[in-house]
Amino acid sequence: MTDFFKGITPLRYDPSSTDLAFRHYNPDEIVMGKRMEEHLRFAVAYWHSFAWPGGDPFGGETFERPWFGNTMDLARMKADVAFEMFDLLNVPFFCWHDADIRPEGDSFAESLRNFEEIIDYFGAKMDGAKTKLLWGTANMFSHRRFMSGAATNPDPDVFAWSAATVKACMDATHKLDGQNYVLWGGREGYETLLNTDMKRERQNAGRFLQMAVEYKHKIGFKGAILVEPKPQEPSKHQYDYDVATVYGFLKDFGLEDEVQMNIEQGHAILAGHSFEHELALASSLGIFGSIDMNRNDYQSGWDTDQFPNNTPEVALAYYEVIKAGGFKTGGTNFDAKLRRQSLDAQDLIAAHAGAMDICARGFKAAVAMTEDGTLEAMRQDRYAGWDTSDAKAMLASDFSSIAERVASTGIDPAPRSGKQEILENIVNRFV
């Protein structure tokens, strides 16, 4: 045991508590036939919680963590602290990038040795812990070698380095019985077309993803391969801009039945969408997988990765998750970080506890809306005309026969209310 969380006891469900506790999240509460924990499948993000130093675009490190540094001893201390926090929060899952958990070596081989040693250390800790791995991924955006991308880099040696890195991370995820593997193209984009061969970069990115899927089957990994859309930031244009863009990419390379989506609230906002829009679209396309739960500061122009605190927003998101059939291998990963002035260990626990409570409140509201059924009944009524035999026959016909029917029957459609305000009022009954 370390003493980083000294004086903080494991959190319990206690609606009347004025201290660190869960006031809304009861992991054992049965909702829609399952325990709340099994529905929400919370995960802690290793990078924000234990590796992020507290910087922003205008200032550097504000956090002084005893495990910060580039040695294996400190990496093991970081893991010790992480698993202590997992126990305090009683979370079922965590997620990592390779660079979060191991020191950077002087060569690929040294970095790989460091990584594999920490993976073994994780494995030993997981043997005696509740917390499992939701997903692993590779950081192919922070190091300067990736300044022009990884799979889309103009240098084939960087492509090779990246492929070897993803292989190692997939091997590690498989070894730890991870339930998914995520590919996040943090630098898969361009700054200017003046030095960019977009067709070549896109083709190389497609082949890279095909290789990842091929390797998944080669090693017998049963989890899902997830792609996480990321618009604008950091590149001027990202090839993985949003769900629609990624789906077109998957279709181009024959991967739409092999790859699902990990969708983040903050990224959806940066793409000009709502979180629920991206979730609903992924569900309708059959590629919904998992979510990164956070929020942006709507008065800032970048991805601020704040912990969620808006119950109505969360409720609408989980409403779409429920409509999609809920999580299978996916879950709710808190891709969120403390504010750089929140320095204390207690802040880290409180941030996660509050986020878990907000998600529980939002999820229960979404369940209530689902069980009430009014929203779906009104939606179905709006499109009921399409279930008639005439409408179905029209879709099987052609323009000429449709035009003849319009002329002969004197069709003159009258506008019908979309009832948006009434629907919003119904949502407000539950949140």
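Along region 320-326 the Karplus relation, 6.51 cos²θ - 1.76 cosθ + 1.60 evaluated at θ = phi - 60°, assigns HN-Hα couplings of 6, 4, 4, 4, 7, x, x Hz to successive residues, with x for each Gly and Pro.
Amide H contacts of GLU264 (H built 1.01 Å from N, in plane; Pro and chain starts excluded): ASP292 sit under 5 Å, all sequence-distant by 5 or more or on other chains. For the chain, the longest principal axis of the C-alpha atoms and the axis of helix 156-175 are separated by about 90°.
Across region 306-316, coupling constants 3J(HN,Hα) worked out from phi with the 6.51/-1.76/1.60 Karplus curve, θ = phi - 60°, read 8, 5, x, 8, 10, 4, x, 4, 5, 4, 5 Hz, and Gly and Pro carry x.
Under 5 Å from the amide H of HIS237 lie the amide H atoms of TYR190, each residue being 5 or more positions distant or on a separate chain, with H modelled from the backbone and absent for Pro and chain starts. A helix-only calculation puts the chain at -14500 deg cm²/dmol for mean residue ellipticity at 222 nm, using -39500 (n - 2.57) for each DSSP H run of at least four residues, averaged over all residues. Take the chain with all the other protein chains still there, run a 1.4 Å probe, and you get 48 Å² of accessible area per residue. Compute the helix-to-body angle for 108-127: its Cα long axis versus the longest principal axis of the chain, expressed 0 to 90° and rounded to tens. For helix 108-127, the angle is close to 80 degrees. Share of carbon and sulfur in the accessible area of region 1-141 stands at 50%, probe radius 1.4 Å.
Using unit Cβ charges (K, R positive; D, E negative) and no other charged atoms, how large, in debye to the nearest 20, is the dipole of region 36-147 about its Cα centre? For region 36-147, the charge dipole is close to 200 debye.
Measuring between alpha carbons in the structure, the pairs from LYS167/LYS222; LYS323/LYS364; LYS236/LYS328; LYS199/LYS323 lying more than 25 angstrom apart are LYS236/LYS328; LYS199/LYS323.
Let me know the shape class of the chain, please: from the alpha-carbon gyration tensor, a ≥ b ≥ c as square roots of the eigenvalues, rounded when a/c is under 1.5, otherwise prolate if a/b is greater than b/c, or oblate. It comes out oblate by the Cα gyration axes. Think of the chain as a dipole: +1 on every Lys or Arg Cβ, -1 on every Asp or Glu Cβ, centred on the Cα centre; then among LEU316, LEU375, THR131, LEU375 lies furthest on the positive end. Looking at the chain alone, DSSP beta bridges between its own residues are antiparallel in about 20 percent of cases.
Charges were assigned to the Cβ only: +1 to each Lys and Arg, -1 to each Asp and Glu. The resulting dipole of the chain about its Cα centre is roughly 420 debye. Among the listed pairs LYS34/LYS419; LYS230/LYS251; LYS78/LYS337; LYS6/LYS337; LYS6/LYS125; LYS130/LYS175, give every one whose C-alpha distance is greater than 23 Å. Checking Cα-Cα distances, LYS34/LYS419 exceed 23 Å. What the phi angles of region 413-423 give under the Karplus curve with 6.51, -1.76 and 1.60, with θ = phi - 60°, is a coupling list of x, 9, x, 10, 4, x, 6, 4, 5, 5, 5 Hz, glycine and proline written as x. Placing unit charges on the Cβ atoms only, positive for Lys and Arg and negative for Asp and Glu, gives region 344-418 a dipole magnitude near 160 debye about its Cα centre.
The values are calculated or read from the model by the stated rules, or taken from the named source; none is laboratory data. All values reported here derive from a predicted model rather than from experimental measurement. FYI the Cβ positions are ideal-geometry reconstructions off the backbone, even for glycines, and counts take in every protein chain you see. Calculation scope for accessible area: heavy atoms of the full protein, side chains included, ligands and nucleic acids excluded. Shrake-Rupley method; radii C 1.70, N 1.55, O 1.52, S 1.80 Å.
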